[in-house]
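The values are calculated or read from the model by the stated rules, or taken from the named source; none is laboratory data. What you are looking at is a predicted structure, and each value in this text was computed from that prediction instead of being measured. Cβ coordinates were reconstructed from backbone atoms using ideal geometry, including for glycine residues, and neighbour counts include every protein chain displayed. Each accessible area value is taken on the protein alone, full model and side chains, heavy atoms only, with ligands, DNA and RNA left out. Shrake-Rupley method; radii C 1.70, N 1.55, O 1.52, S 1.80 Å.
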Amino acid sequence: MRGLIRGMQPVAGKPVRDLRADVFRGIALWFILIDHIPGNWLGGLTLRNVALCDATEAFVLLAGYAAGLAYGAVLDRRGWAFAAAALLRRLGTLYVAHIFLFVVFTAQVGYSAAALESSAYLDEMHLDAFGEQPYLALLQALLLRFQPAFLDILPLYIALLLMLVPALPLLRRPLLLLGLSGLAYAGVRVLDINLPNWTGGGWFFNPLAWQLLFFTGALLGYVPRRRRPAPAVPFHPLLIGAAVAVLVLGLGIVLLGDYGEQWLAALPQPLADLLTTIDKTGLHPFRLLSVLALAYLVGHAVPRGAHWLRSRAATPFVLMGQHGLPVFCAGIFLAFLGRLALEMDDRWPMQLAVNLAGLASLVSIGVVGAWYRMRERGDSPQHATNPVPVGLRVPVESTTTVT
């Protein structure tokens, strides 16, 4: 990995992608793997335990940031038609990846349920409908209307990128885009609007609500042509205080929900109902504020050119973040394997083995992805004049991978 670390140096004359988005997206993907393994002791240390948001909110915000950075640059250089075509091509890749993941995951869970003679896995993963009506279920999966557990994040991302296609020109008018997005978010929550789900109800992650977080990230990432990157939100004591207050309040609500049942019972009923109905499906305003407050503090605490982002310790997470699609898909498969392992033995040696193997597998996928892209373009981490891995560089006239 030494060649990849040396390759994280800026190339003169070419814009370098924001490694902060990559490293924190890599961490978010790792947290998603951890949180998807029931009984994982490490799950008590992830973001959801200390904030009123989790890795999903972080992933969507960072995905929007990367999309605004990458496709906004293409928009300014090549125009809307070219940028839209690049987005649609990426959408096709995501769709194929989702269907492939659906087939593999269904086979994995179905085989485990049959081998262990237990239908609990099918019920918990919401795959029982597939067993009852496999052909119809497959058709609904192709239409993104059948989303078993763990297979609802990619459809959300596909829907959000599809919304970005017509909204791309509005990146140049941030107040208008943010206003329209905010109005849509409010209307969706008030009127309880959602996309239909074949098994009943709506999508677990309602893209009509989550679009506000995604577009906020896109606006933060977009840098108009011939303008140097600058903080979109100023560093101000009042904003710092407000962000800290939001996070402290969120931590209090998390702790209250986990350990304070007696305190909830003592609260006035309207307040208790408010604190216990902070939904994730429609991206409750408390969750939205929490992830934005966290992003504000971290974004200013970690400068864009922070040296540690190119360090050995950060490299694994950078590579994971830059190859997010295969890393995410592998994480879904690995999470179920980790569950099976912990159900056989949940003592600390197995806990350690599951978590080390999971992280090592995700990092390996990132390393292989970076190595392959370098070889594909003829770069050499050992001998290239500017040995920057393709995954770590944003060519002036190319679209950056944003998952």
* Would you compute, for the Cα atoms of the chain, the largest minus smallest coordinate along each principal axis and list the three values in descending order, in whole Å? => 58, 49, 42
* Structure fact -> re segment 22-149: pairs of Cα atoms spaced beyond 22 Å account for a percent value of 56
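Please state the charge dipole magnitude for the chain, taken about the Cα centre, from unit charges on C-beta atoms (+1 on K and R, -1 on D and E), reported in debye and rounded to the nearest 20. Numbers along the way, then the final one.
Numbers: 30 positive and 23 negative charges, 532 e Å.
Rounded to the nearest 20 debye, it is 2560 debye.
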* Working out 0.36 nm times the residue gap between residue 138 and residue 50, then minus their Cα-Cα distance, what length gain in nm do you get to one decimal? -> 27.9 nm
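Given the alpha-carbon gyration tensor of segment 298-383, what are the semi-axes of its equivalent ellipsoid in whole angstrom, ordered largest first, with each equal to the square root of 5 times an eigenvalue?
On the way: eigenvalues 168, 67, 27 Å².
Ellipsoid half-lengths, sorted descending, are 29, 18, 12 Å.
Using the per-residue mean of other Cβ atoms lying within 10 Å as a proxy for protection, in what order, highest first, do the peptides 93-106, 188-201 fall? Spell out each step's value before the answer.
Numbers: 93-106: 16.4, 188-201: 13.1.
With the highest mean Cβ count within 10 Å placed first, the list reads 93-106, 188-201.
Could you pull out the GluC sites (Glu not before Pro) across segment 71-132 that fall in loop regions by DSSP (anything but H, G, I, E, B) with no more than 10 other Cβ atoms inside 10 Å? Walk me through the numbers before you get to the answer.
On the way: sites: 117, 124, 132; in loops: 117.
Those that pass, being in a loop and sparsely packed, are 117.
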* **Sequence ranges 24-35, 359-370, 61-72, ranked by mean other-Cβ count within 10 angstrom, highest first** => 61-72, 24-35, 359-370
* To do: Using just the helices of the chain, give the 222 nm mean residue ellipticity in deg cm²/dmol: DSSP H runs with n ≥ 4 each add -39,500 (n - 2.57), and the total is spread over all residues, rounded to 500.
  => -21000 deg cm²/dmol
* On the protein heavy atoms, probe 1.4 angstrom, tell me the percent of accessible surface of the chain carried by carbon and sulfur. => 67
* To do: Could you state the orientation-averaged shadow area of the convex hull built on the Cα atoms of segment 191-305, in nm² to one decimal?
  => 10.8
* Asked: Taking a ≥ b ≥ c as the square roots of the eigenvalues of the Cα gyration tensor of segment 161-248, is the shape rounded (a/c under 1.5), prolate (a/b larger than b/c) or oblate?
  -> oblate
* To do: Could you check which residue among 334, 274, 247 shows the biggest mean-square fluctuation in a GNM of the chain with a 10 Å Cα cutoff?
  => 274
